[in-house]
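Here is the structure we will look at, set down as structure tokens.
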Amino acid sequence: MDLKLAVGDEAPDFDLTSTEGVVLMLRDEVPRSAVLLYFFADPADKRAREDLSALGRHCERLMRGNIKVLAISPAKLDELKALQRELHLLFPLLVDDRGFRKAYGVDLEPEEEGKARQPGLFLVDRRQTVRWSANPLAEVEGALGQIEKMAETLPSSTSGYPRSVVNGWVDRWAN
């Protein structure tokens, strides 16, 4: 796939059915928080399951950093619902039945028979700009550590100032 989104590019919008039973649109999510998008192919793939479990373990910290996690797959809705229940995921999985992943430059078709494609991971800020990306994603744990650190530099949902600046003001005011 030739198209690859880079840091600073506008993140393509999408409207996808979620395991929560609603259609989620990126343009509706980004005004409230940054969004971490994880693109994966097969719910039965061991790598995808491990990555989703890691996202689940980091989910609360990401939410405290005002980052919403969305996982996107071309799999069927009932498969994604079963996966979400099995892994006890607190974030929605979305059905990419129209190939929105291609707008992000994520190619989930295997290059060789029996070899899975690596997933893609993107952090989209409240201005719908790609702030961080790994496509293809080498490993999720290290990436999540970087993203959690980056959360401090993202604009807060109330002021547009980075959270670290707002937290410093609050600390000075409270003390």
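Computed from the coordinates by the stated procedures, all read-outs in this text should not be read as laboratory data. Note that this is a predicted model, so its numbers are computed, not measured. FYI the Cβ positions are ideal-geometry reconstructions off the backbone, even for glycines, and counts take in every protein chain you see.
Details
- For Lys68, distant residues with modelled amide H under 5 Å away: Ala34, Val35, Leu36
- A simple rule links phi to the HN-Hα coupling: the Karplus curve 6.51 cos²θ - 1.76 cosθ + 1.60 with θ = phi - 60°, which for segment 88-100 gives 6, 7, 8, 10, x, 9, 10, 8, 8, 7, 10, x, 4 Hz, with x for Gly and Pro.
- Among Ser33, Ser73, Ser133, the ranking by other beta carbons within 10 Å of each residue's beta carbon, starting with the fewest, stands as Ser33, Ser133, Ser73.
- Extension gain for Ala6-Met150 works out to 50.2 nm (0.36 nm per residue, less the C-alpha to C-alpha distance).
- Residue order, fewest to most beta carbons within 10 Å, for Lys149, Lys68, Lys4: Lys149, Lys4, Lys68
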